[in-house]
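The values are calculated or read from the model by the stated rules, or taken from the named source; none is laboratory data. Just so we're clear, the structure is a prediction, and the values are computed from it rather than from any experiment. Cβ sites come from the backbone with ideal geometry, for glycine too, and all protein chains shown count toward neighbours. Only protein heavy atoms, including side chains, enter the accessible area calculation; ligands, DNA and RNA are left aside. Shrake-Rupley method; radii C 1.70, N 1.55, O 1.52, S 1.80 Å.
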Amino acid sequence: KGYAAIAFARANGVDLVTIPNDRARIGIVASGKAFEDVRQSLAELGLGPDELRRIGLRLYKVRMPWPLEPEGIRAFSEGLEEVLIVEERREIIENQIKQQLFNWRADVRPRIVGKFDEKGQPFLSLSAGLTVGRVATAIAERLLRLDLPQDLAGRLRDRAAARYRKVVHREA
């Protein structure tokens, strides 16, 4: 049944890229309420279409979290430096993405960040529900690790700090 569900999802375009970007460096994957939290977070951070294009961000909406359709997530992940998975509670989507991308060459495989960061440290809570504030802070933290144009990085840092009362990490 799982293979039939995957074939159905692929044939019917169940999962989809909602913010395409041919020059994307970072991708965000989310499903359900977490997807809406991501959209709201991007808006609250002041990241509209022009800013997202400049940053190099791509967004993927998963409408069938289990089993995850592998061809769509592989195509979405191609060329990215990092994939941020935003999901409630357990890492259902995150583990499937890691499995799909595991055998990619190290020089083309993106970092996967979700419940844990690239160093294995907790990032998004495994137990607490997500809030728009927590999602926005997480997105800002990850984006500010990129080499962003100075004006955009400054606005993003200021917006995140003002709205969520957290000083966002600054890379040297």
Fill in: Residue pairs meeting the criteria (Cβ under 9 Å; at least 6 apart or on separate chains; first free of Cβ contacts under 8 Å to residues at least 12 places away in the same chain and more than 21 Å from P67 (Cα to Cα), in the range 10-36; second outside any strand (DSSP E or B) and open to solvent by 40 Å² or more (accessible area, probe 1.4 Å))
D22/G79
Worksheet item: Checking R105 against (1) over 14 Å from the mean Cα position of the chain (by Cα); (2) within 27 Å of R53 (Cβ to Cβ); (3) in a loop (DSSP other than H, G, I, E, B), which test does it fail?
Response: (2)
Worksheet item: In the range 133-159, which residues are in a helix (DSSP H, G or I), farther than 18 Å from P122 by Cα and open to solvent by 10 Å² or more (accessible area, probe 1.4 Å)?
Response: Q150, D151, A153, G154, R155, R157, D158, R159
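Can you go through L126, L80, L68 and tell me which one is more than 15 Å from the chain's Cα centre (by Cα), assigned to a loop (DSSP other than H, G, I, E, B) and surrounded by 15 or more Cβ atoms within 10 Å (Cβ to Cβ)?
None of the other options fit; the residue is L68.
Matching residues to (1) part of a helix (DSSP H, G or I); (2) within 19 Å of T131 (Cβ to Cβ):
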site: A11; (1), (2): yes, no
site: V17; (1), (2): no, no
site: D22; (1), (2): no, no
site: V29; (1), (2): no, yes
site: F35; (1), (2): yes, yes
site: Q40; (1), (2): yes, yes
site: A43; (1), (2): yes, yes
site: L47; (1), (2): no, yes
site: E51; (1), (2): yes, no
Discussion item. For K98, only one of the following conditions fails: (1) in contact (Cβ under 8 Å) with a residue 24 or more places away in the chain; (2) open to solvent by 30 Å² or more (accessible area, probe 1.4 Å); (3) within 22 Å of A7 (Cα to Cα); (4) not small (G, A, S). What is its number?
Written reply: (1)
